[in-house]
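What follows is calculated from the coordinates using simple rules that are stated; it is not laboratory data. Remember, predicted model here, so these are calculated numbers, not experimental data. Virtual Cβ from ideal backbone geometry, glycine too; neighbours counted across all protein chains shown.
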Ligand code: SF4
């Protein structure tokens, strides 16, 4: 039996799978297929971007596949540097080329929309004859491959169990080798899903999973061990709504009590089985958990900083600073509580790490269009962010979006404010980018900072764009064309609202172009031209004697 898995990419609030990330779903599906007897060589993997490039050869493989599985869905769509998520038209085309079993799943089951601020439409049935998994695609694939099942229509839609993904995650780890980004691939890891709060936020789909189904620490560690054996070196513990609540203790309160030992054993275990890993990052942390259990959470952040790698981000779901919106939507924390959480993370993670980025910084997620929003909400959110900036606290990322509503949530059908406030939203977003993000970025990575291991990803006109592999990595524009896939160190030379510019470090002053030299701290067009016209230089002394440009010495070589 032959199988084709198409990674159409996923982007959820608590799971990411756009290159260089591979989502856990792809690996679970491959593992479920292996457990049903398929051989590694009989399971193909294509990303949608790969498929677009090699249409003829991949179409042949899909045509011959007995089962074609597409994983897709963006519940919080963003802009992606070099990847474009699959569209409904492409799903239709792929399935029409396939003559075997056709299965579509992932977050797309909740609906489809290419951008935030819209209702996710559930009309995929009209465009494809594939089976759309209403629950977990990996469980559906597993059940469909049962010898006693004659047609996938006989299968029930169901959630997979923690025990099942414990097995499938390790068995499916081989699939990473078939990903076009391998070995520079970030493996998103799952620790649990389902929200442990008693009261849920109006817009969130996480409560659909029910109570938190914590994976055993040993399962996550075994998965990392297998992935590491397969060559994985980049990991993010990203698939959970709140890392601080992993194996938390439910004492009947709105927020369960965090379990610092679980976090310690998880991180320590991962480090033991993957000693040479290059990145170990995290994602979401609930500011309400930090506010309710500040001392325990401080201890947990210390543990994380001890075992992780620098450049890490704890994304805090604040959503709003407006008390009326917080109350009407059952949000997690008050502005004062979020501010405390930001302070706590800065105290533990604010020091600069070996890759040039601070060890661990908070990120902030803000959602607009929620019930009870008014003009004042925009002012309050802006003022909150301004206060953070003026308090010399660092934020790595401010994520502002308009709500996308899903059937089954309280927000569904109550999103009229999204359109009503659209103009106001765009204006405020621009102001925030200009007056908050820009100065914040200058504090997070001042000019002259050396960022290590930046992966060159795409060349556009005369610029190369690259990022460190990590959780919410900074986009860096380098005024040169560089080989993609190559890792370089970069001197930060300038700032945009959400990205930075830089030049390779150390810059060879005798061979570099004027457009690179002029970017160096203290340079400019005129000085760069002078250097170019006087080069080569034999060394530091020669450069100083002939130009006097001492300020560039920390960033160059000869
Ligand atoms: S706290 Fe709110 S946003 Fe977070 S998982 Fe629970 S319901 Fe969703």
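What to note about this one:
- Ranked by the mean number of other Cβ atoms within 10 Å of their residues, highest first, the peptides 354-364, 210-220, 368-378 fall in the order 354-364, 368-378, 210-220.
- Helix 335-349 and the long axis of the chain differ in direction by around 60°, with both axes built from C-alpha atoms.
- If you plug the beta carbon distance of residue 392 and residue 298 into 1/(1 + (r/R0)^6) with R0 = 30 Å, you get a FRET efficiency near 0.95.
- Put a dot 7 Å past the Cα of residue 35, heading toward its Cβ, do the same for residue 151, and the two dots end up 2.6 nm apart.
- Ordering of 344-350, 233-239 by burial proxy (mean other Cβ atoms within 10 Å per residue, highest first): 233-239, 344-350
- Difference of contour (0.36 nm per residue) and Cα-Cα distance, residue 443 to residue 324: 39.6 nm
- As a length-normalised measure over Cα pairs under 8 Å and 6 or more apart, the relative contact order of region 450-557 settles at 20 percent.
- Axis angle, to the nearest 10 degrees, between helix 422-432 and the longest C-alpha principal axis of the chain: 40 degrees.
- Part-to-part distance (alpha-carbon centres) for region 289-342 and region 196-221, which is given in Å: 17 Å
- Virtual spin-label span in nm between residue 375 and residue 427, 7 Å along Cα→Cβ: 0.8 nm
- Residue order, fewest to most surrounding Cβ atoms within 10 angstrom, among 299, 383: 383, 299
- Translational D in µm²/s for region 450-557 (Stokes-Einstein at 25 °C, 0.890 mPa s, Kirkwood Rh from C-alpha pairs): 173 µm²/s
- Within region 3-154, percent of DSSP bridges classed antiparallel, to nearest 5: 15 percent
- Within the chain, antiparallel bridges make up roughly 35 percent of the DSSP beta bridges whose residues both belong there.
- Against the chain, whose longest principal axis comes from its Cα atoms, helix 162-171 is set at around 60 degrees.
- Pairwise label distance in nanometres, residue 499 with residue 218, each label 7 Å out on the Cα-Cβ vector: 4.7 nm
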